[in-house]
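Here's the structure we're looking at; comments come further down.
The values are calculated or read from the model by the stated rules, or taken from the named source; none is laboratory data. Everything quoted here is computed from the prediction, not taken from an experiment. Methodologically, a virtual Cβ is constructed for each residue, glycine included, from the backbone with ideal geometry; neighbour enumeration extends over all protein chains shown. Note: accessible area is taken over every heavy atom of the protein model, side chains too, but ligands, DNA and RNA are not part of it. Shrake-Rupley method; radii C 1.70, N 1.55, O 1.52, S 1.80 Å.
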Amino acid sequence: MMRIDIITVLPELIKSPFEASILKRAVEKGLVEVHMHNLRDYTDKSYNQVDDYQFGGGAGMVLMIEPIDKCISALQASRSYDAIIYMTPDGKTLDQKMANSLSLQKNIIILCGHYKGVDHRVRERFITHEISIGDYVLSGGELGAAVLCDAVIRLIPGVLNNETSALTDTFQDNLLAPPVYTRPSNYKGMEVPEVLLSGNFPKIEKWREEKAVERTEKLRPDLLNK
Ligand code: ADE
């Protein structure tokens, strides 16, 4: 059983992915537990203030260290964590390899950044992994955290119906997946490749491997040099 604790100033923004689809099923099957923590519940300041102006001047608010310290410390008092992740555009870009390795962890915390970010002492003191979901800036870490959770949770054994299907995903083996088809075999003259209808499974496997390499060479040659 994996446990994910998400620390955020906007819990509403990240709840819905866990109330639908594969993630909901993973929670219902007891394969993963996801807990949201509203940072505003960990401040003593008036108006539940969690951010403040940055020292040295400059536009944009910064999340303060104290509520984050209180929240993380409260969680750590109950269990130890394998990873404390900060979602930030200047983190390491998420890829399948990172998702695979995080899916093997037991307890993880995900801190969602906001505004100009968090007081840098949080990153130095508490954070073990800094993750970005791509080279663009979101208005907060929540959508990034949702993406990360989806990529990780679907890899937990038992979450997908067909246990083998995550192994044949695009990016496992640094290859794009081969094309897939379903019925009808002829749609308005557009035919499914004949080999797939042949019933010759070694031949089908060989065709899929060739197509995977062909598509990767054409669309994502960078993956082949990894
Ligand atoms: N917060 C803001 N932008 C982000 C990004 N690209 N990835 C992760 N967290 C973020």
Here is a list of conditions, (1) more than 17 Å from the chain's Cα centre (by Cα); (2) touching a residue at least 40 places away in the same chain (Cβ under 8 Å); (3) surrounded by 12 or more Cβ atoms within 10 Å (Cβ to Cβ), and Ile85 meets all of them except one; can you say which number that is? (1)
State whether one or more residues within the stretch 31-41 are open to solvent by 30 Å² or more (accessible area, probe 1.4 Å), in contact (Cβ under 8 Å) with a residue 24 or more places away in the chain, of a type in the set (Lys, Arg) and within 26 Å of Asp119 (Cβ to Cβ). yes
Pairs under 9 Å by beta carbon, first residue basic (Lys, Arg) in the stretch 124-142, partner more than 6 Å from the ligand (Cβ to nearest atom) and part of a helix (DSSP H, G or I), six or more apart or different chains? Arg125/Ile65; Arg125/Asp69
Residue in the stretch 95-113 that is nearest to the ligand (Cβ to nearest atom), counting only those that are touching a residue at least 40 places away in the same chain (Cβ under 8 Å) and open to solvent by 10 Å² or more (accessible area, probe 1.4 Å): Asp95
If the requirement is being over 16 Å from the mean Cα position of the chain (by Cα), open to solvent by 30 Å² or more (accessible area, probe 1.4 Å) and within 16 Å of the ligand (Cβ to nearest atom), which of these qualifies: Lys92, Lys116, Lys70? Lys116
Do we have any residue at all in the stretch 176-193 that's β-branched (Val, Ile, Thr), in contact (Cβ under 8 Å) with a residue 24 or more places away in the chain and more than 16 Å from the ligand (Cβ to nearest atom)? no
Selection count, the stretch 11-32, where residues are within 18 Å of Leu155 (Cβ to Cβ) and among the polar types (S, T, N, Q): 1
Restricting attention to strands (runs of 3 or more DSSP E) lying wholly within the stretch 1-73, give those where 1 or more residues are farther than 21 Å from Leu138 by Cβ. 2-8, 32-38, 51-53
